[in-house]
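Engineer: Quick one: structure below, then a few questions.
The values are calculated or read from the model by the stated rules, or taken from the named source; none is laboratory data. This structure is a prediction, so every number in the text was calculated from the model and none was measured. Backbone-built Cβ (ideal geometry, glycine too); neighbour counts: all protein chains shown. Accessible surface areas use protein heavy atoms only, side chains included; no ligands, DNA or RNA. Shrake-Rupley method; radii C 1.70, N 1.55, O 1.52, S 1.80 Å.
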Amino acid sequence: MPTIRRPRLTARRLLATVALATAASLTLAACGSDDTSSESSSSGEAADYGDISVQYSWIKNEEFAGEFYAYENGYYDEAGFGTVNGISGPDTGVAKLLSGTVQVALSDAASVGAAIAEQDAPLKIIGATFQKNPFTILSLKDGADIATPQDLVGKTIGVQDSNASVFNAILNANGIDPDDVTVVPVDFDPTPLMNGEVDGFMAYLTNEAITVEEAGYDVTNLAYAENGVPYVAETFTVTDQYLAENQDLLKAFLIAEIKGWSDTFTEPSEDTVDLITKYYDQAASENADGLESVFGSLDPAKTAKGLAAEQELISTEDTESNGLFTITDELQQQTVDSLAAAGWDVSVDDMFDTSLIDEIYEENPDLVDYQG
(Lines give C-alpha, C1' and ligand atoms only; values in the text may rest on other atoms or scores of the structure.)
Protein backbone atom coordinates (compact mmCIF):
# COMPACT_ATOMS: atom_id res chain seq x y z
CA MET A 1 0.00 0.00 0.00
CA PRO A 2 1.45 3.43 -0.90
CA THR A 3 2.26 5.83 1.91
CA ILE A 4 -0.82 7.92 2.60
CA ARG A 5 -0.02 11.53 1.88
CA ARG A 6 -2.23 14.15 3.33
CA PRO A 7 -2.39 17.23 1.15
CA ARG A 8 -3.55 20.42 2.81
CA LEU A 9 -4.92 23.60 1.35
CA THR A 10 -2.41 26.41 1.61
CA ALA A 11 -3.54 29.39 3.66
CA ARG A 12 -3.52 31.58 0.56
CA ARG A 13 -5.69 29.19 -1.46
CA LEU A 14 -7.99 28.60 1.50
CA LEU A 15 -8.54 32.27 2.17
CA ALA A 16 -9.10 33.13 -1.48
CA THR A 17 -11.74 30.42 -1.65
CA VAL A 18 -13.29 31.59 1.60
CA ALA A 19 -13.60 35.13 0.27
CA LEU A 20 -15.60 33.93 -2.73
CA ALA A 21 -17.70 31.58 -0.65
CA THR A 22 -18.47 34.23 1.94
CA ALA A 23 -19.94 36.48 -0.70
CA ALA A 24 -22.01 33.62 -2.05
CA SER A 25 -23.23 32.65 1.39
CA LEU A 26 -24.83 36.01 1.97
CA THR A 27 -27.50 35.09 -0.57
CA LEU A 28 -28.21 31.63 0.83
CA ALA A 29 -30.69 30.79 3.54
CA ALA A 30 -29.59 28.17 6.03
CA CYS A 31 -30.72 24.69 5.07
CA GLY A 32 -32.98 22.55 7.19
CA SER A 33 -34.35 25.03 9.69
CA ASP A 34 -35.58 23.03 12.65
CA ASP A 35 -38.76 25.00 13.38
CA THR A 36 -41.02 22.07 12.42
CA SER A 37 -38.86 19.44 14.08
CA SER A 38 -38.68 21.50 17.28
CA GLU A 39 -42.47 21.56 17.43
CA SER A 40 -42.75 17.82 16.80
CA SER A 41 -40.11 17.14 19.47
CA SER A 42 -41.93 19.22 22.06
CA SER A 43 -45.19 17.45 21.25
CA GLY A 44 -43.60 14.03 21.79
CA GLU A 45 -43.53 13.05 18.12
CA ALA A 46 -40.35 11.75 16.51
CA ALA A 47 -38.24 14.50 14.98
CA ASP A 48 -37.69 14.60 11.22
CA TYR A 49 -34.60 16.58 10.31
CA GLY A 50 -34.35 15.39 6.72
CA ASP A 51 -30.95 15.20 5.02
CA ILE A 52 -27.69 16.93 5.88
CA SER A 53 -24.19 16.86 4.39
CA VAL A 54 -21.03 16.56 6.47
CA GLN A 55 -17.57 17.28 5.08
CA TYR A 56 -14.82 14.97 6.33
CA SER A 57 -11.33 16.40 6.64
CA TRP A 58 -9.65 13.31 5.23
CA ILE A 59 -10.30 9.95 3.59
CA LYS A 60 -12.76 7.52 5.14
CA ASN A 61 -10.33 5.77 7.43
CA GLU A 62 -10.10 5.37 11.21
CA GLU A 63 -10.45 9.12 11.77
CA PHE A 64 -14.18 8.67 11.19
CA ALA A 65 -14.77 5.39 13.00
CA GLY A 66 -17.38 7.05 15.21
CA GLU A 67 -19.30 8.26 12.19
CA PHE A 68 -19.26 4.74 10.75
CA TYR A 69 -20.75 3.35 13.97
CA ALA A 70 -23.42 6.07 13.85
CA TYR A 71 -24.41 4.78 10.42
CA GLU A 72 -24.05 1.10 11.23
CA ASN A 73 -25.94 1.13 14.53
CA GLY A 74 -28.72 3.45 13.39
CA TYR A 75 -27.89 6.41 15.61
CA TYR A 76 -28.46 8.93 12.83
CA ASP A 77 -31.79 7.25 12.06
CA GLU A 78 -32.83 7.36 15.73
CA ALA A 79 -31.91 11.04 15.85
CA GLY A 80 -34.37 11.83 13.06
CA PHE A 81 -32.19 12.15 9.97
CA GLY A 82 -33.14 10.88 6.56
CA THR A 83 -29.63 10.81 5.12
CA VAL A 84 -26.34 11.99 6.60
CA ASN A 85 -24.10 12.40 3.59
CA GLY A 86 -20.48 12.03 4.73
CA ILE A 87 -18.16 13.47 2.08
CA SER A 88 -14.56 12.29 1.77
CA GLY A 89 -11.72 14.80 2.01
CA PRO A 90 -9.13 16.11 2.02
CA ASP A 91 -11.01 19.34 2.61
CA THR A 92 -11.09 21.84 5.47
CA GLY A 93 -14.81 22.30 4.79
CA VAL A 94 -14.55 26.06 5.34
CA ALA A 95 -15.53 27.17 1.85
CA LYS A 96 -18.30 24.58 1.61
CA LEU A 97 -19.78 25.69 4.92
CA LEU A 98 -19.82 29.31 3.80
CA SER A 99 -21.42 28.47 0.46
CA GLY A 100 -24.05 26.25 2.08
CA THR A 101 -22.84 23.15 0.24
CA VAL A 102 -22.45 21.31 3.55
CA GLN A 103 -24.05 21.95 6.92
CA VAL A 104 -21.31 20.55 9.20
CA ALA A 105 -17.57 20.19 8.66
CA LEU A 106 -15.16 18.00 10.59
CA SER A 107 -12.34 20.50 10.35
CA ASP A 108 -9.49 21.75 12.54
CA ALA A 109 -8.85 24.80 14.67
CA ALA A 110 -6.06 26.12 12.45
CA SER A 111 -8.20 26.19 9.30
CA VAL A 112 -11.20 27.65 11.10
CA GLY A 113 -9.09 30.17 12.98
CA ALA A 114 -7.34 31.31 9.80
CA ALA A 115 -10.67 31.92 8.08
CA ILE A 116 -12.05 33.86 11.04
CA ALA A 117 -8.89 35.92 11.55
CA GLU A 118 -8.22 36.75 7.90
CA GLN A 119 -11.72 36.92 6.42
CA ASP A 120 -14.00 37.41 9.41
CA ALA A 121 -15.71 34.17 8.39
CA PRO A 122 -18.92 33.59 10.40
CA LEU A 123 -17.97 30.15 11.75
CA LYS A 124 -18.19 28.46 15.13
CA ILE A 125 -16.64 25.32 16.57
CA ILE A 126 -19.37 23.61 18.59
CA GLY A 127 -17.41 20.54 19.71
CA ALA A 128 -14.18 18.67 19.05
CA THR A 129 -13.40 14.99 18.65
CA PHE A 130 -9.64 15.46 19.14
CA GLN A 131 -8.82 17.21 22.40
CA LYS A 132 -5.17 17.19 21.32
CA ASN A 133 -4.01 18.05 17.82
CA PRO A 134 -2.17 15.23 16.03
CA PHE A 135 0.88 17.20 14.86
CA THR A 136 4.35 16.02 15.82
CA ILE A 137 7.96 16.58 14.86
CA LEU A 138 9.01 13.04 14.00
CA SER A 139 12.63 11.94 14.27
CA LEU A 140 14.59 8.69 14.40
CA LYS A 141 15.69 7.59 17.84
CA ASP A 142 19.11 6.58 16.58
CA GLY A 143 19.29 9.78 14.53
CA ALA A 144 18.52 13.32 15.70
CA ASP A 145 16.23 12.02 18.50
CA ILE A 146 14.35 15.34 18.86
CA ALA A 147 12.71 14.92 22.26
CA THR A 148 12.38 18.55 23.42
CA PRO A 149 11.69 21.83 21.60
CA GLN A 150 15.28 22.97 22.26
CA ASP A 151 16.50 19.90 20.37
CA LEU A 152 15.18 21.61 17.22
CA VAL A 153 18.00 24.15 17.38
CA GLY A 154 20.61 23.48 14.71
CA LYS A 155 18.50 20.78 13.06
CA THR A 156 17.12 20.42 9.54
CA ILE A 157 13.36 19.89 9.60
CA GLY A 158 11.16 18.84 6.70
CA VAL A 159 7.98 20.92 6.67
CA GLN A 160 5.13 20.87 4.14
CA ASP A 161 4.40 24.32 2.66
CA SER A 162 0.82 24.21 3.91
CA ASN A 163 2.03 23.55 7.47
CA ALA A 164 4.63 26.33 7.62
CA SER A 165 2.54 28.57 9.89
CA VAL A 166 1.81 25.74 12.31
CA PHE A 167 5.52 24.81 12.40
CA ASN A 168 6.38 28.41 13.22
CA ALA A 169 3.93 28.18 16.11
CA ILE A 170 6.03 25.56 17.93
CA LEU A 171 9.10 27.74 17.49
CA ASN A 172 7.31 30.87 18.73
CA ALA A 173 5.71 29.08 21.66
CA ASN A 174 9.11 27.86 22.84
CA GLY A 175 11.15 31.01 22.20
CA ILE A 176 13.21 29.49 19.39
CA ASP A 177 14.66 31.82 16.76
CA PRO A 178 13.57 30.58 13.30
CA ASP A 179 17.08 31.37 12.05
CA ASP A 180 18.39 28.63 14.35
CA VAL A 181 16.44 25.93 12.49
CA THR A 182 16.85 24.95 8.84
CA VAL A 183 13.50 24.27 7.17
CA VAL A 184 13.33 22.35 3.90
CA PRO A 185 10.13 21.78 1.91
CA VAL A 186 8.84 18.22 1.80
CA ASP A 187 5.72 16.35 0.76
CA PHE A 188 3.74 14.19 3.20
CA ASP A 189 5.85 11.13 2.40
CA PRO A 190 8.32 10.59 5.30
CA THR A 191 10.94 8.94 3.06
CA PRO A 192 13.34 11.94 3.44
CA LEU A 193 13.46 11.24 7.19
CA MET A 194 14.12 7.54 6.71
CA ASN A 195 16.82 8.34 4.14
CA GLY A 196 18.57 10.74 6.51
CA GLU A 197 17.93 13.80 4.33
CA VAL A 198 16.31 15.65 7.25
CA ASP A 199 16.73 15.42 11.02
CA GLY A 200 13.03 15.83 11.73
CA PHE A 201 9.79 15.69 9.82
CA MET A 202 6.48 17.42 10.49
CA ALA A 203 4.01 14.56 10.73
CA TYR A 204 0.81 13.21 12.25
CA LEU A 205 0.90 10.96 15.29
CA THR A 206 -1.93 9.02 13.68
CA ASN A 207 -0.29 8.56 10.28
CA GLU A 208 3.33 9.15 9.25
CA ALA A 209 4.66 8.40 12.72
CA ILE A 210 3.07 4.95 12.42
CA THR A 211 4.26 4.55 8.81
CA VAL A 212 7.88 5.01 9.85
CA GLU A 213 7.49 2.63 12.78
CA GLU A 214 5.91 0.07 10.47
CA ALA A 215 8.99 0.39 8.26
CA GLY A 216 11.11 -0.85 11.17
CA TYR A 217 12.48 2.36 12.69
CA ASP A 218 12.45 3.38 16.34
CA VAL A 219 11.02 6.90 16.45
CA THR A 220 10.84 9.91 18.75
CA ASN A 221 7.81 12.19 18.69
CA LEU A 222 7.81 15.82 19.72
CA ALA A 223 4.04 16.19 20.03
CA TYR A 224 2.73 19.70 19.52
CA ALA A 225 -0.02 19.30 22.10
CA GLU A 226 2.52 18.49 24.81
CA ASN A 227 5.05 21.13 23.81
CA GLY A 228 3.40 24.53 23.84
CA VAL A 229 0.93 24.26 20.95
CA PRO A 230 -2.26 22.65 22.29
CA TYR A 231 -5.38 23.05 20.18
CA VAL A 232 -8.45 21.05 19.23
CA ALA A 233 -8.84 19.16 15.96
CA GLU A 234 -11.50 17.19 14.09
CA THR A 235 -13.80 19.98 15.14
CA PHE A 236 -17.55 20.08 14.54
CA THR A 237 -17.81 23.40 12.73
CA VAL A 238 -20.90 25.23 11.44
CA THR A 239 -21.82 28.71 10.29
CA ASP A 240 -23.22 31.20 12.78
CA GLN A 241 -26.49 31.31 10.87
CA TYR A 242 -26.91 27.53 10.76
CA LEU A 243 -26.18 27.32 14.47
CA ALA A 244 -28.76 29.99 15.29
CA GLU A 245 -31.49 28.39 13.16
CA ASN A 246 -30.90 24.65 13.77
CA GLN A 247 -30.08 24.10 17.41
CA ASP A 248 -32.32 21.07 17.97
CA LEU A 249 -31.03 19.46 14.77
CA LEU A 250 -27.41 19.98 15.80
CA LYS A 251 -28.04 18.59 19.28
CA ALA A 252 -29.61 15.49 17.74
CA PHE A 253 -26.66 15.15 15.38
CA LEU A 254 -24.10 15.50 18.17
CA ILE A 255 -25.91 12.91 20.30
CA ALA A 256 -25.72 10.43 17.42
CA GLU A 257 -22.02 11.24 17.08
CA ILE A 258 -21.40 10.76 20.81
CA LYS A 259 -23.04 7.34 20.65
CA GLY A 260 -21.00 6.39 17.60
CA TRP A 261 -17.69 7.47 19.09
CA SER A 262 -18.54 5.79 22.39
CA ASP A 263 -18.74 2.51 20.46
CA THR A 264 -15.12 2.94 19.33
CA PHE A 265 -14.11 2.69 22.99
CA THR A 266 -16.31 -0.26 23.91
CA GLU A 267 -16.26 -2.49 20.83
CA PRO A 268 -13.32 -4.82 20.11
CA SER A 269 -10.60 -3.15 18.04
CA GLU A 270 -10.72 -5.84 15.35
CA ASP A 271 -14.45 -5.27 14.89
CA THR A 272 -13.89 -1.54 14.53
CA VAL A 273 -11.12 -2.14 11.99
CA ASP A 274 -13.50 -4.35 10.00
CA LEU A 275 -16.13 -1.60 10.07
CA ILE A 276 -13.61 1.04 8.98
CA THR A 277 -12.52 -1.21 6.12
CA LYS A 278 -16.14 -1.67 5.03
CA TYR A 279 -16.77 2.07 4.70
CA TYR A 280 -13.34 2.73 3.18
CA ASP A 281 -13.89 0.04 0.53
CA GLN A 282 -17.39 1.36 -0.15
CA ALA A 283 -15.98 4.84 -0.76
CA ALA A 284 -13.33 3.39 -3.08
CA SER A 285 -15.94 1.49 -5.09
CA GLU A 286 -18.18 4.52 -5.44
CA ASN A 287 -15.49 6.92 -6.66
CA ALA A 288 -12.67 5.68 -8.85
CA ASP A 289 -10.99 9.09 -8.64
CA GLY A 290 -11.22 9.36 -4.85
CA LEU A 291 -8.16 8.90 -2.69
CA GLU A 292 -9.57 5.72 -1.13
CA SER A 293 -9.40 4.16 -4.58
CA VAL A 294 -6.03 5.70 -5.43
CA PHE A 295 -4.38 4.53 -2.21
CA GLY A 296 -5.59 0.95 -2.49
CA SER A 297 -6.55 -1.38 0.35
CA LEU A 298 -6.20 -0.43 3.99
CA ASP A 299 -3.53 -2.14 6.06
CA PRO A 300 -5.45 -3.63 9.04
CA ALA A 301 -2.41 -3.51 11.35
CA LYS A 302 -1.71 0.15 10.62
CA THR A 303 -5.41 0.97 10.88
CA ALA A 304 -5.55 -0.60 14.36
CA LYS A 305 -2.49 1.40 15.44
CA GLY A 306 -4.01 4.58 14.03
CA LEU A 307 -7.21 3.91 15.96
CA ALA A 308 -5.26 3.44 19.19
CA ALA A 309 -3.23 6.60 18.57
CA GLU A 310 -6.28 8.73 17.95
CA GLN A 311 -8.02 7.43 21.08
CA GLU A 312 -5.19 9.02 23.06
CA LEU A 313 -6.01 12.33 21.36
CA ILE A 314 -9.77 11.94 21.95
CA SER A 315 -9.95 10.69 25.52
CA THR A 316 -8.53 12.85 28.31
CA GLU A 317 -9.23 13.45 31.99
CA ASP A 318 -11.49 16.31 30.92
CA THR A 319 -13.58 14.19 28.55
CA GLU A 320 -13.82 11.45 31.16
CA SER A 321 -15.32 14.04 33.51
CA ASN A 322 -17.34 16.09 31.03
CA GLY A 323 -18.03 13.84 28.01
CA LEU A 324 -16.81 13.46 24.45
CA PHE A 325 -16.49 16.60 22.27
CA THR A 326 -16.60 18.97 25.25
CA ILE A 327 -13.98 21.73 25.24
CA THR A 328 -13.03 23.26 28.56
CA ASP A 329 -12.62 27.00 28.93
CA GLU A 330 -8.90 26.40 29.47
CA LEU A 331 -8.54 24.41 26.24
CA GLN A 332 -10.47 27.03 24.30
CA GLN A 333 -8.03 29.68 25.52
CA GLN A 334 -5.04 27.45 24.82
CA THR A 335 -6.33 26.95 21.29
CA VAL A 336 -6.57 30.65 20.50
CA ASP A 337 -3.16 31.22 22.12
CA SER A 338 -1.66 28.53 19.90
CA LEU A 339 -3.23 30.11 16.83
CA ALA A 340 -1.80 33.47 17.87
CA ALA A 341 1.65 31.86 17.91
CA ALA A 342 0.99 30.82 14.30
CA GLY A 343 -0.03 34.37 13.37
CA TRP A 344 -3.82 34.13 13.58
CA ASP A 345 -5.44 36.40 16.16
CA VAL A 346 -8.93 35.35 17.20
CA SER A 347 -10.85 35.43 20.46
CA VAL A 348 -12.54 32.54 22.23
CA ASP A 349 -15.94 34.12 21.55
CA ASP A 350 -15.11 34.52 17.86
CA MET A 351 -14.29 30.86 17.50
CA PHE A 352 -16.25 28.74 19.97
CA ASP A 353 -19.84 28.15 21.02
CA THR A 354 -20.06 25.06 23.21
CA SER A 355 -23.52 25.77 24.58
CA LEU A 356 -25.15 22.89 22.69
CA ILE A 357 -22.68 20.21 23.79
CA ASP A 358 -22.99 21.47 27.37
CA GLU A 359 -26.80 21.28 27.16
CA ILE A 360 -26.61 17.75 25.79
CA TYR A 361 -24.74 16.48 28.83
CA GLU A 362 -26.94 18.41 31.24
CA GLU A 363 -29.98 16.72 29.69
CA ASN A 364 -28.33 13.31 29.11
CA PRO A 365 -25.76 12.74 31.88
CA ASP A 366 -25.59 9.04 31.04
CA LEU A 367 -23.77 9.91 27.81
CA VAL A 368 -20.73 11.14 29.77
CA ASP A 369 -19.59 7.57 30.44
CA TYR A 370 -18.39 6.80 26.92
CA GLN A 371 -16.05 4.01 28.05
CA GLY A 372 -18.87 1.83 29.30
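Engineer: What is the set of long-range amide H partners of Val183 at a cut-off below 5 Å, with H atoms built 1.01 Å from backbone N?
Structural biologist: Ile157
Engineer: Now for a separate question. Can you work out the accessible area per residue across the chain, with the rest of the protein chains kept in place, probe 1.4 Å, in square angstrom?
Structural biologist: 40
Engineer: Listed highest first by mean packing, meaning other Cβ atoms within 10 Å per residue, what order do 90-103, 177-190 come in?
Structural biologist: The peptides rank, most packed first, as 90-103, 177-190.
Engineer: Now a separate question. Mark the label point 7 Å from the Cα of Gln282 along Cα→Cβ and return the residues of region 300-331 whose backbone N is within less than 20 Å of it.
Structural biologist: Counting backbone N atoms under 20 Å from the label point, the list is 300, 303-304, 307.
Engineer: I need the calculated FRET efficiency for the pair Asp337 and Asp240, taking r as the beta carbon distance and R₀ as 22 Å, to the nearest 0.05.
Structural biologist: Using R0 = 22 Å, I get an efficiency of 0.45.
Engineer: Run the simple label-point estimate for Ala147 and Asp218 please: 7 Å along Cα→C-beta, distance reported in nm.
Structural biologist: It works out to 1.1 nm between the two label points.
Engineer: With the calculation restricted to Cα positions, what are the radius of gyration and Dmax of the chain in angstrom?
Structural biologist: 20.2, 66
Engineer: Let me ask another. Just the number, please: carbon plus sulfur as a percent of the accessible area of the chain, 1.4 Å probe, no ligands or DNA/RNA counted.
Structural biologist: With neighbouring chains kept in place, the figure for the chain is 44 percent.
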